[in-house]
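The values are calculated or read from the model by the stated rules, or taken from the named source; none is laboratory data. Computed from a predicted structure; not experimentally measured. Cβ placement follows ideal geometry from the backbone for every residue including glycine, while neighbour counts extend to all protein chains displayed. These accessible areas exclude ligands, DNA and RNA; they are computed on the full protein's heavy atoms, side chains included. Shrake-Rupley method; radii C 1.70, N 1.55, O 1.52, S 1.80 Å.
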Amino acid sequence: YKVVVYDRNGVLQWSEDGVQYPGCISMPQSCPTGQVMTGINADGTISAWVTLNTLPATTAETGLVATNGYLFVTGGVVAGADTIASTVYSAKIIADGTISSWSTLNTLPALNRSMGAVAYNSYLFVVGGCSVGLCTTTVSTVYSAQINGNGTIGNWQTLSTLPQPIYSAGVTTVSGYI
(Lines give C-alpha, C1' and ligand atoms only; values in the text may rest on other atoms or scores of the structure.)
Protein backbone atom coordinates (compact mmCIF):
# COMPACT_ATOMS: atom_id res chain seq x y z
CA TYR A 1 0.00 0.00 0.00
CA LYS A 2 1.16 3.50 -0.81
CA VAL A 3 -0.02 6.72 0.79
CA VAL A 4 0.44 10.11 -0.81
CA VAL A 5 -0.50 13.31 0.98
CA TYR A 6 -1.44 15.98 -1.52
CA ASP A 7 -1.69 19.22 0.47
CA ARG A 8 -3.31 21.44 -2.19
CA ASN A 9 -6.93 21.90 -1.06
CA GLY A 10 -6.24 19.73 2.01
CA VAL A 11 -6.94 16.47 0.18
CA LEU A 12 -5.19 13.20 0.98
CA GLN A 13 -4.76 10.88 -2.03
CA TRP A 14 -4.35 7.17 -1.39
CA SER A 15 -3.78 4.45 -3.97
CA GLU A 16 -4.44 0.86 -3.06
CA ASP A 17 -2.28 -1.28 -5.31
CA GLY A 18 -5.21 -3.45 -6.37
CA VAL A 19 -4.12 -6.92 -5.23
CA GLN A 20 -5.76 -8.59 -2.23
CA TYR A 21 -3.19 -10.21 0.04
CA PRO A 22 -4.09 -12.28 3.12
CA GLY A 23 -4.15 -10.03 6.17
CA CYS A 24 -4.02 -6.79 4.18
CA ILE A 25 -4.93 -3.59 5.96
CA SER A 26 -8.20 -2.49 4.41
CA MET A 27 -9.21 1.02 3.45
CA PRO A 28 -12.03 1.76 3.49
CA GLN A 29 -13.53 -1.71 4.03
CA SER A 30 -11.87 -4.76 2.48
CA CYS A 31 -8.81 -4.29 0.29
CA PRO A 32 -10.59 -2.44 -2.54
CA THR A 33 -9.46 -2.57 -6.15
CA GLY A 34 -8.71 0.96 -7.30
CA GLN A 35 -7.96 4.32 -5.84
CA VAL A 36 -9.76 6.19 -3.11
CA MET A 37 -9.31 9.58 -1.49
CA THR A 38 -10.53 11.52 1.50
CA GLY A 39 -10.39 15.09 2.78
CA ILE A 40 -8.28 15.99 5.81
CA ASN A 41 -10.19 18.01 8.39
CA ALA A 42 -8.65 20.86 10.42
CA ASP A 43 -8.80 18.72 13.59
CA GLY A 44 -6.71 15.95 11.98
CA THR A 45 -9.61 13.60 11.30
CA ILE A 46 -10.56 12.53 7.80
CA SER A 47 -13.87 12.46 5.96
CA ALA A 48 -15.47 9.47 4.21
CA TRP A 49 -13.43 7.65 1.54
CA VAL A 50 -14.52 8.24 -2.07
CA THR A 51 -13.68 5.87 -4.97
CA LEU A 52 -11.70 7.38 -7.86
CA ASN A 53 -11.07 6.31 -11.47
CA THR A 54 -9.33 2.93 -11.57
CA LEU A 55 -6.04 2.20 -13.32
CA PRO A 56 -6.20 0.54 -16.77
CA ALA A 57 -4.52 -2.54 -15.26
CA THR A 58 -4.75 -3.80 -11.68
CA THR A 59 -1.20 -3.66 -10.33
CA ALA A 60 0.62 -4.07 -7.04
CA GLU A 61 4.00 -2.85 -5.74
CA THR A 62 4.02 0.27 -7.91
CA GLY A 63 5.80 3.58 -7.46
CA LEU A 64 3.38 6.43 -6.72
CA VAL A 65 4.08 10.17 -6.88
CA ALA A 66 1.87 13.27 -6.67
CA THR A 67 3.42 16.41 -8.17
CA ASN A 68 2.45 19.46 -10.22
CA GLY A 69 -1.24 18.54 -10.06
CA TYR A 70 -0.81 14.96 -11.35
CA LEU A 71 -0.55 11.45 -9.90
CA PHE A 72 2.04 9.16 -11.50
CA VAL A 73 2.10 5.36 -11.13
CA THR A 74 5.21 3.45 -12.22
CA GLY A 75 5.80 -0.26 -12.94
CA GLY A 76 4.60 -2.91 -10.50
CA VAL A 77 3.21 -6.41 -10.78
CA VAL A 78 0.15 -7.03 -12.97
CA ALA A 79 -2.47 -8.77 -10.84
CA GLY A 80 -3.57 -12.21 -11.96
CA ALA A 81 -0.66 -12.56 -14.38
CA ASP A 82 2.12 -12.19 -11.78
CA THR A 83 4.23 -10.43 -14.40
CA ILE A 84 6.40 -7.40 -13.72
CA ALA A 85 5.39 -4.25 -15.61
CA SER A 86 7.22 -1.26 -17.04
CA THR A 87 4.05 0.77 -17.62
CA VAL A 88 3.76 4.36 -16.38
CA TYR A 89 0.40 6.13 -15.92
CA SER A 90 -0.68 9.65 -14.97
CA ALA A 91 -3.97 11.25 -13.95
CA LYS A 92 -4.73 14.93 -13.37
CA ILE A 93 -5.70 15.79 -9.78
CA ILE A 94 -8.86 17.90 -9.91
CA ALA A 95 -9.46 20.71 -7.39
CA ASP A 96 -12.06 18.64 -5.46
CA GLY A 97 -9.48 15.86 -4.93
CA THR A 98 -10.82 13.49 -7.57
CA ILE A 99 -8.72 12.51 -10.57
CA SER A 100 -9.20 12.40 -14.33
CA SER A 101 -9.02 9.16 -16.27
CA TRP A 102 -5.54 7.61 -16.46
CA SER A 103 -3.19 8.15 -19.42
CA THR A 104 -0.50 5.65 -20.42
CA LEU A 105 2.94 7.30 -20.71
CA ASN A 106 6.45 6.33 -21.88
CA THR A 107 7.31 2.97 -20.32
CA LEU A 108 10.27 2.47 -18.00
CA PRO A 109 13.44 1.21 -19.76
CA ALA A 110 13.13 -2.11 -17.89
CA LEU A 111 10.56 -4.16 -16.01
CA ASN A 112 10.42 -2.99 -12.40
CA ARG A 113 8.43 -3.59 -9.23
CA SER A 114 8.83 -2.50 -5.60
CA MET A 115 10.80 0.58 -6.63
CA GLY A 116 11.01 3.93 -4.90
CA ALA A 117 9.56 6.88 -6.82
CA VAL A 118 9.83 10.60 -6.21
CA ALA A 119 9.52 13.88 -8.13
CA TYR A 120 11.80 16.90 -7.96
CA ASN A 121 12.16 20.04 -10.09
CA SER A 122 9.83 18.72 -12.85
CA TYR A 123 11.54 15.30 -13.04
CA LEU A 124 10.16 11.91 -12.08
CA PHE A 125 12.73 9.54 -10.54
CA VAL A 126 12.47 5.75 -10.16
CA VAL A 127 15.00 4.26 -7.74
CA GLY A 128 15.96 0.60 -7.31
CA GLY A 129 13.33 -2.13 -7.33
CA CYS A 130 13.11 -5.73 -8.49
CA SER A 131 13.36 -7.04 -12.02
CA VAL A 132 12.59 -10.73 -11.56
CA GLY A 133 9.83 -12.69 -9.84
CA LEU A 134 9.55 -12.44 -6.08
CA CYS A 135 12.37 -9.88 -5.83
CA THR A 136 15.04 -12.51 -6.26
CA THR A 137 16.88 -9.97 -8.43
CA THR A 138 17.02 -6.45 -6.97
CA VAL A 139 18.43 -3.52 -8.93
CA SER A 140 20.49 -0.42 -8.21
CA THR A 141 19.31 1.46 -11.30
CA VAL A 142 18.04 5.05 -11.11
CA TYR A 143 15.93 6.48 -13.93
CA SER A 144 14.56 9.98 -14.54
CA ALA A 145 12.09 11.49 -16.99
CA GLN A 146 11.13 15.15 -17.36
CA ILE A 147 7.54 15.87 -16.37
CA ASN A 148 5.72 18.05 -18.90
CA GLY A 149 3.05 20.58 -17.90
CA ASN A 150 0.28 18.41 -19.37
CA GLY A 151 1.10 15.38 -17.17
CA THR A 152 3.08 13.49 -19.80
CA ILE A 153 6.77 12.65 -19.44
CA GLY A 154 9.80 12.75 -21.71
CA ASN A 155 12.07 9.83 -22.49
CA TRP A 156 13.60 7.98 -19.56
CA GLN A 157 17.29 8.52 -18.83
CA THR A 158 19.48 6.08 -16.90
CA LEU A 159 21.43 7.89 -14.16
CA SER A 160 24.26 6.88 -11.83
CA THR A 161 23.48 3.62 -10.08
CA LEU A 162 23.03 3.25 -6.34
CA PRO A 163 25.98 1.84 -4.34
CA GLN A 164 23.92 -1.32 -3.79
CA PRO A 165 20.59 -2.73 -4.99
CA ILE A 166 17.47 -1.75 -3.00
CA TYR A 167 13.76 -2.46 -3.18
CA SER A 168 10.61 -1.43 -1.32
CA ALA A 169 12.42 1.71 -0.17
CA GLY A 170 10.79 5.01 0.69
CA VAL A 171 12.35 7.81 -1.36
CA THR A 172 12.11 11.56 -0.81
CA THR A 173 13.92 14.74 -1.77
CA VAL A 174 15.40 17.41 0.49
CA SER A 175 17.17 20.55 -0.75
CA GLY A 176 18.00 19.04 -4.13
CA TYR A 177 19.09 15.62 -2.82
CA ILE A 178 17.38 12.22 -3.16
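Restricting things to alpha carbons, find the Rg to Rh ratio for the range 78-178 using the Kirkwood radius for Rh.
0.98
Using a 1.4 Å probe and ignoring any ligands, DNA or RNA, find the accessible area of LEU52 and quote it in Å² to the nearest 10.
Per-residue accessible area (LEU52): approximately 10 Å².
Quickly rank 117-130, 141-154 as a protection proxy: mean count of other C-beta atoms within 10 Å, highest first.
117-130, 141-154
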